[in-house]
Amino acid sequence: MIKYNLEKKLSEQEYTLQVLNVSQENYHSQLSQMEQQCVDMETKVIEVTKLLETLESNVREAVELNGRLATANNHQQCVVDSYKEELDTYQKDCIKLKAKLKAEEVGIEMKKPTNIDQQLRVEREVTHQLQEQLSDVRVEYCTVLKSLKEAHTLIDKHIDTAKESSIRELSLKERVSGLSNEVKELKGQLAALEEESGKDKQNLIAESNQHKKELSDLRQ
């Protein structure tokens, strides 16, 4: 009776061991799938990290360019202010010179004709030169204003780009953090499954060996 019970129990354990082997194969299949998921997620993390580094580089370049443009903007503003002052000076000189010419024309009969004509020619020439200089300053002033406007537009564009890059950078950092946590969790699950499967198999093999030994002793 004892022999029958041992043989029956041994048969049951062998069947259980077969089932466990099948279950272990399923475990290994699941482990392989989870390992592949970990590999895929780690690959995604690497890709996202590279993209994040590229964005950070773009943001740094945008910030540096913004600084250079700001410096150029300040310089151009100083140039514009200088041209404004020069323009005001030329305009005042023209007004004074015209007033002087007019006053001299009024008193033309009181002076010698030769000296008056000569002085008028000189002052008209000076006035003409001042007007030409004034015209040149106005053209250069308009050019500087146009350049300044373009610089402002470019600065605004790079500021917007830097803001968008910062938002994308924050989003990618959150995504990388989430993927990293998920990878850690999957690795933990893999380790737990491997440990549990190994313990079950070792226990069952030990019990089966013990029963085989007992059955062998009875047969002797």
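The values are calculated or read from the model by the stated rules, or taken from the named source; none is laboratory data. Keep in mind it's a predicted model, so treat the numbers as computed, not measured. Every residue, glycine among them, receives a Cβ derived from its backbone with ideal geometry; neighbour counts consider all protein chains shown.
Screening the stretch 41-65 for residues that are without any contact (Cβ under 8 Å) to a residue 40 or more places away in the chain and among the charged types (D, E, K, R) and picking the one that is surrounded by the most Cβ atoms within 10 Å (Cβ to Cβ) gives Glu61. For Ser166, indicate whether it is touching a helix residue (DSSP H, G or I) at 6+ places or on another chain (Cβ under 9 Å), closer than 29 Å to Tyr90 by Cα and among the small types (Gly, Ala, Ser). When the stated conditions are applied, Ser166 does not pass them. Checked against (1) farther than 30 Å from Gln189 by Cβ; (2) at pLDDT below 65; (3) not basic (Lys, Arg), Ser11 meets all criteria but (2).
Residue selection: Glu109 satisfies the criterion of being assigned to a helix (DSSP H, G or I), of a type in the set (Asp, Glu), at pLDDT below 70 and exposed (fewer than 12 other Cβ atoms within 10 Å of the Cβ).
Considering the conditions (1) modelled with pLDDT of 70 or more; (2) of a type in the set (D, E, K, R); (3) surrounded by 15 or more Cβ atoms within 10 Å (Cβ to Cβ), Glu104 is excluded by exactly one of them, (1).
Of all residue pairs spaced 6 or more apart or on separate chains, those with beta-carbon atoms under 8 Å, a first member in the stretch 128-141 that is modelled with pLDDT under 75 and surrounded by 13 or more Cβ atoms within 10 Å (Cβ to Cβ) and a second member that is among the polar types (S, T, N, Q) and in a helix (DSSP H, G or I) are Leu134/Gln91.
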